[in-house]
1. Compute the accessible area per residue over the chain, keeping the other protein chains in place, probe 1.4 Å, unit Å².
2. Rounded to the nearest 10 Å², what accessible area does residue 32 show when all protein chains are kept and the probe is 1.4 Å?
3. How much net charge surrounds residue 125 when only the other residues with a Cβ under 15 Å from the Cβ of residue 125 are counted, with Lys and Arg +1 and Asp and Glu -1?
4. On the accessible surface of the range 4-130, probed at 1.4 Å, how many percent belong to carbon and sulfur atoms?
5. Just to be sure I understand: if I project the alpha-carbon convex hull of the chain onto a plane and average over all orientations, what area do I get in nm²?
6. What is the gain in length, in nm to one decimal, between residue 124 and residue 6 on full extension, counting 0.36 nm per residue of separation less the C-alpha to C-alpha distance?
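The values are calculated or read from the model by the stated rules, or taken from the named source; none is laboratory data. Computed from a predicted model, the values in this text were never measured in an experiment. Glycine also receives a Cβ, built like all others from the backbone with ideal geometry; neighbour counts cover every protein chain displayed. Accessible surface areas use protein heavy atoms only, side chains included; no ligands, DNA or RNA. Shrake-Rupley method; radii C 1.70, N 1.55, O 1.52, S 1.80 Å.
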Amino acid sequence: MADIEQYYMKPPGSCFWVAVLDGNVVGIVAARAHEADNTVELLRMSVDSRFRGKGIAKALGRKVLEFALVHNYSAVVLGTTAVKVAAHKLYESLGFRHMGSSDHYVLPGMTLSLAERLFFQVRYHRYRLQLREE
């Protein structure tokens, strides 16, 4: 997130959207293409907790789906460590299918020390929305 323009705006097949309400940023989402398998990855979806439940996340998700369709990608994929059921329900309401999860996901910056291995486990979920067959 240190350089949004460089990471999300300049690479081909990538974009970044901001939801603004009354002049305030209330949500964000990004898309990044993976040309090798003709997919777009939905990244960084976040909505300010004061504005959740108002359809903002769904609108942001739909923006990524529109982007993928316009640019002829075959699928949209995402990975999440979200523990809130509402996040998973949102992805499914947009048409994503849960493709599986892994229990020993390592977050950037983790050292896998004994303490981390004993007390800090992250479940990583993968979702996919097939737009068209290749």
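1. Each residue of the chain exposes 64 Å² on average to a 1.4 Å probe.
2. About 50 Å², ignoring ligands and nucleic acids.
3. +3
4. 55 percent
5. Convex hull of Cα atoms, orientation-averaged projection: 9.6 nm².
6. Result: 39.9 nm gained on full extension.
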